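A quick write-up on the structure given underneath.
What follows is calculated from the coordinates using simple rules that are stated; it is not laboratory data. The shown structure was predicted, so the numbers you read here are calculated from the model rather than taken from an experiment. With ideal geometry, Cβ positions are generated from the backbone for all residues, glycine too; neighbour counts draw on all protein chains shown.
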Amino acid sequence: MRETVVTSGGVIPGWRVIRSDAGRFWASRVEPFPRETEWHAPPFRTVDGDTLDELRAEVERQEEAARAVEAVASTAAGEVTA
């Protein structure tokens, strides 16, 4: 599969965006998410979409999932130390 790095209008801060030769958009987070995550549950480090707008929405879902995981971990850590 040939891929093209998207630069014009395809910037998502913190994510590397590419477009496959089939025309799908993919994004991979440059840095891993702060907390270790499972392979089968969000947040996922690499996502795809049919359009750049769909890809942006999917990236935001992953970032929201990461924030939720962080909030749960912070709450659990507070319960353990309190």
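Each label point was placed 7 Å from the Cα along the Cα-to-Cβ direction; for Arg61 and Ser28 their separation is 2.1 nm. Full extension of the chain between Asp48 and Ile18 gives 9.9 nm of extra length, using 0.36 nm per residue less the Cα-Cα distance.
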